[in-house]
Amino acid sequence: MVPTDFSPHTAKAFNYAIQIAYKTNATLTILHDYHVPVIHQLAPNARLLALLEAIEPIASDHFIADINRIHSPEILENVRFNYLYNKDLTIETIVNLTEKGVYDLLIVTAKERNALRRLFFNSVVTNLIKKVKKCAILAVPENAKYANIRQIAYCTKLQPLKETFAYLKETANTFCAAIHFVHVFKSSKGLQEKINHFNQKAQKTLLNIPHQLHLIKDDDQEDAILDFLHQNNHQTDLISFVERTEKEGLSRFFINSIATKMASEAPVPVLIFQTKNKTDI
């Protein structure tokens, strides 16, 4: 599901939604608060091109041009979509829709936050990260450069959880992508043993999927990850985090804090998925 108002700053998230729906053969639900009557008159096998033509009077020229520039007519013709109109489109509306368990992924635009917003206001994406629990979230920074997903970074504590590896394996196979594990550490005590264990499990589980472990010594995990992304901007198309739903208190706050900062400051889209599995492979 991708909420959009067809404005320029939502075009990038919309483009990623198209790419993901096309490559995964998923149905894309377009959620917005504009009523486009022509859609209800289309045949059941309506195509995305027909929608773009229908919304042209209310969409910005930039939005339409950006979609057509990135995606060929063949792709747009072959993306299955639902068109969901809701006149009261709020954060709670989106959360309630995800609670029904129909959607695997929510794709949203993350606006760049200035100092005032960071101090006094929660952004839409921040609230969605806190409240959406039934599906993964892809936050697309409005200033991110659009790219095909070929290189996926994943922030790890060197805990090779079954569910996490399974999710990453499925995602990498879908996009024919490589995985870059990023581990930020303060102390090297006992680190080598964890590295060996992690690499063994990764090799066993990921098999022929290209993967690499990057080790960064730094006291500030968030800044270290951002530095990695900026230094490797040409190599990383997506960064991913896991939020374990059984985590509470400071641990959960810490996950939300990192994910929120990445969503507003990272140069690439941020994927946040959830797992309940604690068991090592």
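Just so it is clear, none of the values below were taken in a lab; they were calculated from the coordinates. Here the structure is a predicted model, which is why all the values come from computation and not from measurement. Reconstructed Cβ throughout: ideal geometry from the backbone, glycine too, with neighbour counts over all protein chains shown.
Here are the numbers for this structure:
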{"quantity": "Dipole axis of region 2-141 (+1 Lys, Arg; -1 Asp, Glu on Cβ), positive-most option in Thr10, Thr98, Ile129", "calculated": "Ile129"}
{"quantity": "For region 2-141, alpha-carbon Rg relative to the globular expectation (2.2 N^0.38 Å, N residues)", "calculated": "1.05"}
{"quantity": "Compactness index (Cα Rg / 2.2 N^0.38 Å), region 151-275", "calculated": "1.00"}
